[in-house]
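The values are calculated or read from the model by the stated rules, or taken from the named source; none is laboratory data. None of the values given here were measured: they were computed from a predicted structure. Methodologically, a virtual Cβ is constructed for each residue, glycine included, from the backbone with ideal geometry; neighbour enumeration extends over all protein chains shown.
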C-alpha cells in the first residue's frame with residue numbers, strides 16, 4: 001500500500017495515521033473539523049491507561065491489548081504518567097472492593113498506612129485500597145494535539161471536510177459510521193473538570209460504589225477530571241441528575257472537592273458494538289476501525305497496529321471481521 005485516506009481525526013484516526021505513516025504510506029486524513037476539539041468524544045476521555053482495572057468488566061482482549069498502550073503513547077512523544085491506579089471504597093461499600101479485587105489482576109493490597117504513603121491526601125479516609133502499579137494516565141487533549149502536530153510534521157495531509165471512501169480507506173468516524181455499521185450504538189458518558197489547588201493527588205483514583213462509581217484523574221496545576229456515568233444513549237445532553245451524582249461521589253472521596261471551582265461539564269457518546277469489544281471490519285477497500293467504547297486511548301494503539309498490519313502485510317488480526325459486501 002502506497003497511499004491511503006483516513007476518515008475521522010479522533011484518537012482512532014490519528015493512531016491509524018501514525019501506524020501507516022511509520023510504514024511509509026502517504027496518508028490523507030479527512031475530518032469535518034480543522035482541529036481536535038469538543039465535537040469529538042476523544043476530547044472528553046479520561047485518559048486512563050488502565051487495562052487491569054478495566055478487567056473488572058471487560059473481556060480478556062481489552063486487558064491484553066491494552067497493555068500495549070503506555071509504551072505506544074510514549075513512543076509518539078506523548079507525556080505519560082506512570083504512577084499506577086488507586087481503587088478505594090467507602091466503609092459501607094467494602095464488598096465492592098473485594099469484588100473488584102477478585103475480578104482483576106496486577107494489583108497490590110494496601111492497608112491505611114500503605115495508602116497514606118502513596119497518596120497522603122487520602123490518609124485517614126480509607127483503611128484499605130488496591131494499587132495497580134503498572135497502569136498509567138495521560139492528558140487526552142494534549143495527546144491529541146501532540147499527535148496531530150507530529151503527523152503534520154511527518155507529511156500527513158489533513159483536510160477539513162468530509163470525503164467518500166475512494167481507494168484504500170480507513171473509516172474511523174466513530175458513531176458517524178452508523179450509516180454503514182448498523183449494530184453500532186452510543187454509550188453516553190458525562191464528565192466534569194474541577195480546579196482544587198489544595199488537593200494533591202498524583203495518580204487516578206477510582207471510588208467504587210454500587211450505583212455510581214467515580215474516577216478522578218489529575219491533570220496538573222490543581223485540575224482534576226471526574227467521570228462516572230455510563231448511559232445507553234446516543235444523545236449528548238447534559239443531565240442535572242448525573243452531574244449531581246458525579247459531584248456527590250467526588251465529595252465522598254474527598255470533602256475538599258466541595259470547595260472546587262467547576263471549570264467545565266462535558267458529555268460524549270462513545271461508539272460501541274453489542275459485545276463492547278472493538279472491531280476491525282473490512283468492506284471492499286475500506287477497513288472500519290470502530291467500537292472502542294470507553295477504551296479509546298487504551299485500545300486505539302493496538303487497533304491501529306492491527307489495521308496497518310492487515311492492510312500492508314495481508315494478515316488477519318484477531319478482531320478483524322469477515323468482508324461484508
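At-a-glance table
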| quantity | calculated |
| --- | --- |
| Elements of type strands (runs of 3 or more DSSP E) contained in the stretch 242-300, each with 2 or more residues being within 13 Å of the chain's Cα centre (by Cα) | 261-272 |
| Residue match in the stretch 30-51 (condition: outside any loop (DSSP other than H, G, I, E, B), over 15 Å from the mean Cα position of the chain (by Cα) and touching a residue at least 12 places away in the same chain (Cβ under 8 Å)) | yes |
| Residue match in the stretch 186-203 (condition: surrounded by 14 or more Cβ atoms within 10 Å (Cβ to Cβ), part of a helix (DSSP H, G or I) and within 20 Å of the chain's Cα centre (by Cα)) | no |
| Long-range neighbours under 8 Å by Cβ, at least six apart or interchain, first residue at pLDDT below 95 within the stretch 77-101, second in a loop (DSSP other than H, G, I, E, B) and exposed (fewer than 15 other Cβ atoms within 10 Å of the Cβ) | 91/127; 93/210; 96/210 |
| Pick from the stretch 258-283, criterion over 28 Å from residue 69 (Cβ atoms) and in contact (Cβ under 8 Å) with a residue 60 or more places away in the chain, ranking: surrounded by the most Cβ atoms within 10 Å (Cβ to Cβ) | 260 |
| Residue match in the stretch 162-174 (condition: in contact with a strand residue (DSSP E or B) (Cβ under 8 Å, 6 or more places away or on another chain), more than 20 Å from residue 73 (Cβ to Cβ), at pLDDT 95 or above and not in a loop (DSSP other than H, G, I, E, B)) | yes |
| Of the criteria (1) under 17 Å from residue 46 (Cβ atoms); (2) outside the structural domain of residue 310 (by TED's automatic domain parsing), which one residue 198 fails | (1) |
| Counted residues, the stretch 140-161 - those being closer than 13 Å to residue 77 by Cα and in contact (Cβ under 8 Å) with a residue 24 or more places away in the chain | 9 |
| Any chance residue 125 is assigned to a loop (DSSP other than H, G, I, E, B), out of contact with any strand residue (DSSP E or B) (no Cβ under 7 Å at 6 or more places or on another chain) and either crowded, with 17+ Cβ neighbours inside 10 Å or not assigned by TED's automatic domain parsing to the domain that holds residue 17 (or both) | yes |
| Filter result (assigned to a helix (DSSP H, G or I) and surrounded by 14 or more Cβ atoms within 10 Å (Cβ to Cβ)) within the stretch 68-97 | 69, 70, 72, 73, 74, 93, 94, 96, 97 |
